[in-house]
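Here the structure comes first, spelled out in structure tokens, and everything after it is commentary.
Bear in mind these aren't lab numbers, they're just calculated from the coordinates by the rules spelled out. Given the structure is predicted, the values throughout are model-derived calculations rather than measurements. All Cβ positions, glycine included, derive from the backbone under ideal geometry; neighbour counts span all protein chains shown.
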Amino acid sequence: MTLHDKIIRYFYMTTFAFLTLTGFGQMPIFKRYRIADIPGLGWLAEFYVTHAMHYIFASLLIGLCSYLLAENLLNARQELKITITGYAKAVMILGLIITGGLMIFKNLSGTPYSPLWSLCLIFLIYRYVWFFLFSA
Amino acid sequence: MIHTITRRAFLKGTVSTACSIAATSSVVKAAEALKNGEPIATLIDITKCVGCEECVHACKNANTDKYPKPEKPFPQMYPSGVKTEDWSDKTDIIERLTPYNWLYIQSAAVDMDGEEIELNIPRRCMHCTNPPCVKLCPWGSAIQLDNGISRIDSDTCLGGAKCQTVCPWLIPQRQTGVGLYLDILPSFAGNGVMYKCDRCYNKIAQGEIPACIEACPENVQTIGSRDQILKQAHELAASMNGYIYGEKENGGTNTFYVSPVPFEKLNEVIEKGKGKPHLAKVANSMETGDKLAMAMLFAPIAGVVGAVARFYSMSKKDNQ
């Protein structure tokens with residue numbers, strides 16, 4: 001594994017870890033379960049902080065995915081072999097990005113979604129996250 | 001037979017007729033706004049409020065069916081430090097917001113032009129134009145209707161109180177022992193249902209006006225399309241050289257208070273605390289999120305630019 005690939009891997013894992021953590025932070029669980037009482041983790045109970053961080057790490061994930069996609073297209077890596085699990089992960093990441101994007105759109109001012117649509121979107125995201133975590 | 005009308009009876013009749021006309025006019029305005037699919041808003045002229053609490057009682061009467069009917073004893077909560085909230089034995093409280101009281105009157109004694117005056121301020125949910133309670137609810141239980149009303153669906157709310165935490169005025173109030181959480185993991189997740197003013201959305205949907213407006217003998221509130229009501233609020237504020245609260249707070253709300261006294265001054269003297277919202281300036285809570293969302297549009301571009309830059313650098317190295 002080259003240094004470049006190692007950096008990409010580290011960057012991806014860090015991004016995904018924070019994305020998951022701040023994603024769970026959207027639910028009122030860290031305060032209830034006193035995780036936010038652990039020194040240094042108080043920010044997990046601050047909803048606006050976790051919300052902003054979630055957006056920042058989502059941007060990083062989107063940037064990283066775009067980078068990798070563009071890099072592979074430019075290099076036209078013939079030797080790159082993607083396993084079935086790899087394809088499944090790619091589909092799940094794409095699903096997360098699309099559903100996440102729809103949620104962000106929902107959160108913008110003046111975009112009222114129907115309650116049913118919001119609920120479906122939320123459950124779709126949770127489903128993707130759980131699938132992804134289990135597959136990882 | 002000749003009926004004599006006393007002066008008192010005549011005045012009473014005139015006032016009731018005026019109230020009816022004003023209320024009818026409100027109904028027409030609200031109905032028109034609804035028909036056009038416009039957001040609706042309310043103007044609250046606090047100089048008119050006498051603090052009679054007719055609106056508070058009307059609100060309670062109109063919404064009795066929506067109030068929580070908790071099952072007791074409450075489930076044991078884990079971890080043990082998780083507090084339950086029970087208002088079911090205190091349903092008569094009207095001095096603050098509770099799950100059984102969605103509107104209350106806040107009083108402020110202030111000095112105006114060297115004279116002490118008392119102002120009464122009906123307080124309830126402001127119905128923000130971009131409500132954080134709705135946008136950030138992790139279950140989609142807080143919803144915003146097309147007409148701008150935000151409400152909490154008591155059938156799906158789990159009572160995590162995130163809506164209360166993210167609300168700049170901490171409006172929603174929790175009742176434990178009721179709602180969906182009882183059917184899932186009552187001891188480990190959820191804690192009841194959150195309640196707040198829903199602007200009598202069901203009455204509005206039928207072309208009626210909210211109970212608090214209907215009952216007010218002083219016509220403190222005027223409801224109609226947001227643009228029209230905002231214009232009216234500005235005219236009223238200009239006529240009394242006064243101030244507006246709710247137009248810019250939290251990025252804009254659908255409730256406009258008009259006062260002859262600056263709201264900073266009112267905020268200093270009103271009683272604030274749990275269930276008693278402030279009148280301070282409020283920045284747009286969702287602004288950072290909105291800006292970050294816009295910035296996110298550049299993330300794919302940045303990724304592609306990075307890949308092209310690397311490709312160019314590698315190609316250059318290969319050529320050397």
Relative contact order (percent, whole number), chain A, Cα cutoff 8 Å, 6+ residue spacing: 19
Between 0 and 90°, nearest 10: helix B:54-63 axis offset from chain B longest Cα axis: 60
Volume of the Cα convex hull of the protein assembly as shown, divided per residue and given in Å³: 209
Where the Cα pairs of the range B:140-231 fall when distances are cut into 10 Å bins, in %: 15, 37, 31, 13, 4
Mean Cα-pair separation over length for chain B, i.e. relative contact order, pairs under 8 Å, 6 or more apart, %: 24
Dipole moment magnitude, nearest 20 debye, the range B:167-229 about Cα centre, only Lys, Arg, Asp, Glu C-beta charged: 180
Of B:Thr253, B:Thr42, B:Thr156, the one that fluctuates the most in a GNM where chain B has Cα springs shorter than 10 Å: B:Thr156
Relative contact order for the range B:79-161, counting Cα pairs under 8 Å that sit 6 or more residues apart, in percent: 15
Rg(Cα) / (2.2 N^0.38 Å) computed for chain A, rounded to two decimals: 1.18
Rounded tilt (10° steps) of A:115-135 against the dominant C-alpha axis of chain A: 50
Cα-centred dipole magnitude for chain B, charges only on beta-carbon of K, R (+1) and D, E (-1), debye, nearest 20: 740
Furthest towards positive pole of dipole, A:Ile29, A:Tyr48, A:Thr2, structure part the range A:1-57, Cβ charges: A:Ile29
Stokes-Einstein translational diffusion, the range A:81-136 - Kirkwood Rh over all Cα pairs, 1.002 mPa s, 20 °C, in µm²/s: 175
Peptide B:292-298 - average C-beta neighbours from other chains (10 Å radius): 6
Burial ordering of A:Cys65, A:Cys120, B:Cys157, B:Cys128, fewest other beta-carbon atoms within 10 Å first: A:Cys120, A:Cys65, B:Cys157, B:Cys128
Furthest towards positive pole of dipole, B:Gly140, B:Tyr243, B:Ala189, structure part the range B:16-296, Cβ charges: B:Ala189
Residue (of B:Ser107, B:Gln320, B:Cys52) at the positive-pole extreme of the protein assembly as shown, dipole from beta-carbon charges: B:Gln320
Residue with peak Gaussian network fluctuation, chain A [Cα springs, cutoff 10 Å], from A:Ala70, A:Ala90, A:Ala17: A:Ala70
Dipole in debye (nearest 20) - the range A:1-57, about Cα centre, beta carbon charges: Lys, Arg +1; Asp, Glu -1: 120
Trypsin sites (Lys or Arg not before Pro) restricted to the range A:52-112 and DSSP loop, no more than 12 other C-beta within 10 Å: A:Arg77, A:Lys81
Hits among lysines - C-alpha to C-alpha of B:Lys203 under 21 Å, sequence gap 8 or more where chains match: B:Lys29, B:Lys35, B:Lys60, B:Lys66
Binned Cα-Cα distance frequencies in the range A:1-57 - 10 Å width, integer %: 25, 42, 21, 11, 1
Coil-residue trypsin sites (Lys or Arg not before Pro) of the range B:199-255, DSSP, other Cβ within 10 Å capped at 13: B:Lys248
